[in-house]
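Some notes on the structure that comes next.
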Amino acid sequence: MVTRSHDAHRDEFNPWTRIATLIEEAGHLLKLSEGMIKRIVTPERILEVAVPVRMDSGEIEMFTGWRIQHDSSRGPGKGGIRFHPSVNVDEIAALSADMSIKCAVVNIPYGGAKGGVKVDPEVLSREELERLTRRYAYSISPIIGPDRDIPAPDINTDPQVMSWIMDTVSMLRGHNLPGVVTGKPLAIGGSLGHAGATSVGVSICTVALLQQLGRRAEGQRVVIQGYGKVGAPLVKQLSDRGMKVVGLADIHGAIHVPEGIDAQLMASHVASTHSILGYPHGEEIAASELFALPSDIAIPAALGGVIDERVARSMSASMMIEAANGPTTGEGAAELARRAIPVVPDVLANAGGVVASYFEWAQDLQGFMWERDLFRQRLEKTMHDAFDSVWARHEQLGLPLRDTALVVGVERIAEATELRGLFP
Ligand code: GLU
């Protein structure tokens with residue numbers, strides 16, 4: 001595929017090449033045929049759309065969007081939509097493949113898909129954001145639907161954006177279609193428990209790995225890159241389990257707080273200043289130094305490609321949990337493996353979000369809403385079961401957790417592909 005990224009610092013990292021190589025390696029380990037491996041790697045459908053938007057000034061601006069359906073052997077496509085200036089076709093393709101593997105690893109009946117628009121939503125007014133979202137939703141509407149492909153939030157998209165997508169597609173089809181997207185507000189078919197579910201899964205994987213390594217959660221020092229949908233609830237959840245978040249970064253910069261961040265205080269600080277900087281008890285540090293801060297657990301929870309060889313070499317933590325999608329480059333992963341730092345990979349660690357989406361979608365299809373406790377119980381069980389099955393396989397195969405998760409995911413996709421055969 002062609003790289004169209006103009007994002008200088010991430011130029012050499014091609015996320016598509018990285019995930020394609022990982023799937024191929026897993027396929028070879030499983031002794032799949034070359035034809036089967038090619039079929040699993042290759043995205044089924046790539047849709048690129050032009051998104052014209054009338055700006056508040058009256059001028060028309062053009063944006064580019066994509067929806068990519070990677071694999072549908074196990075079920076309809078599932079995956080988020082991100083709005084970010086660095087979005088490009090390789091990134092969305094890679095993320096769609098991540099989703100296929102992720103849904104297979106947690107064993108939910110979905111394939112993988114992903115979408116995005118190359119735009120900086122920070123500079124749009126709310127009205128411009130709504131027009132952009134609705135036009136993009138209209139453009140991808142022929143290929144999405146509750147039984148075809150179900151979008152969800154991702155970087156810079158939220159329940160309000162999902163509401164506009166749900167409304168646009170419902171208007172086009174002439175009836176309410178809550179199951180067309182997940183991560184919706186409660187009032188229009190969202191689910192109790194969806195918000196913060198990714199972080200719940202990340203916390204479960206963190207504690208489960210600590211347990212396997214014979215370490216206690218209490219007092220573990222954590223650094224988190226990202227204070228968004230995943231990072232923010234995570235600060236609270238990990239603190240509640242006795243861990244200390246000693247380093248934190250957001251888009252504005254990074255801070256070091258040796259005594260540990262007070263989740264409540266940070267939440268109110270960010271609510272009033274829109275930045276983690278200036279947190280009363282923190283010392284500002286260079287963002288590039290975050291993972292070198294003295295710590296036990298590293299959690300990237302922002303963009304992809306950030307854990308490269310340099311960061312991996314200077315990482316202080318002795319374990320890493322990937323809350324972001326695709327945060328580690330091939331060289332970064334090799335360096336972490338050389339240093340024997342265990343990594344719970346994205347396709348397992350951050351799967352709580354898509355598991356929650358599955359529950360929301362199931363409720364929408366049935367028109368029967370669950371109570372919060374049932375939701376939470378099922379989410380926790382699904383994540384524990386997934387961690388345990390990847391861990392058991394890891395002990396059996398002696399491979400790093402990432403390669404093991406890929407083997408588990410690719411094996412399940414291959415089984416479904418094989419059973420269904422090749423049409424026509
Ligand atoms: N964007 C989330 C992810 O990357 C959730 C996707 C979904 O719920 O479909 O896993």
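The values are calculated or read from the model by the stated rules, or taken from the named source; none is laboratory data. These numbers were taken from a predicted model, which means no experiment stands behind them. Cβ placement follows ideal geometry from the backbone for every residue including glycine, while neighbour counts extend to all protein chains displayed. Side chains included, ligands, DNA and RNA excluded: accessible areas come from the protein's heavy atoms. Shrake-Rupley method; radii C 1.70, N 1.55, O 1.52, S 1.80 Å.
Rg over Rh for the stretch 318-424 works out to 1.05, using Cα positions for both radii and the Kirkwood form for Rh. Per-peptide packing, taken as the mean over residues of other Cβ atoms within 10 Å, places 326-339, 206-219, 364-377 in the sequence 326-339, 206-219, 364-377 from highest down. The peptide list 96-105, 281-290, 312-321, put in order of mean Cβ contacts within 10 Å with the highest first, becomes 96-105, 312-321, 281-290.
Here the accessible area is traced with a 1.4 Å probe on the protein chains. For the stretch 224-277, carbon and sulfur cover 59 percent of it. Got a sec? Which residues in the stretch 402-421 would a label at GLN396 touch, if it sits 7 Å along Cα→Cβ and we count backbone N under 14 Å? Backbone N within reach: 404-412. Ordering 73-82, 123-132 by mean Cβ neighbour count within 10 Å, with the highest value first, yields 73-82, 123-132.
Rounded to the nearest Hz, the phi-derived 3J(HN,Hα) couplings of the stretch 148-153 under the Karplus curve 6.51 cos²θ - 1.76 cosθ + 1.60 (θ = phi - 60°) are 10, 6, 10, x, 7, x, where x marks glycine and proline. The string of couplings for the stretch 209-225 from the Karplus curve (6.51, -1.76, 1.60, θ = phi - 60°) is 5, 4, 4, 4, 8, x, 10, 8, 5, 4, x, 5, 8, 10, 10, 10, 9 Hz, one whole number per residue in order, with x for Gly and Pro.
Here the average projected area of the convex hull drawn through the C-alpha atoms of the stretch 12-67 stands at 5.8 nm².
Note that the stretch 234-239 has calculated 3J(HN,Hα) couplings of 5, 4, 5, 4, 6, 4 Hz, one per residue in order, obtained from phi through the Karplus relation 6.51 cos²θ - 1.76 cosθ + 1.60 (θ = phi - 60°); glycine and proline are x. From the Kirkwood radius over Cα pairs of the stretch 1-111, Stokes-Einstein at 37 °C and 0.692 mPa s returns a whole-number translational diffusion coefficient of 213 µm²/s. Kirkwood radius for the stretch 179-288, taken over all pairs of different Cα atoms as the inverse mean of 1/r, rounds to 15.0 Å.
For HIS84, the residues whose modelled amide H falls within less than 5 Å of its own, excluding neighbours fewer than 5 places apart on the same chain, are VAL117, VAL119. A convex hull fitted around the alpha carbon atoms of the stretch 85-168 yields 96 Å³ per residue. Grouping the Cα pair distances of the stretch 365-424 into 5 Å bins from zero gives a pair-distance distribution of 4, 16, 15, 15, 14, 15, 14, 7, 2, 0 percent in increasing distance order. Heavy-atom accessible surface of the chain, averaged per residue, reaches 42 Å², computed with a 1.4 Å probe. Its Cα gyration tensor gives the chain an equivalent ellipsoid; the semi-axes, largest first and in whole Å, are 30, 27, 22.
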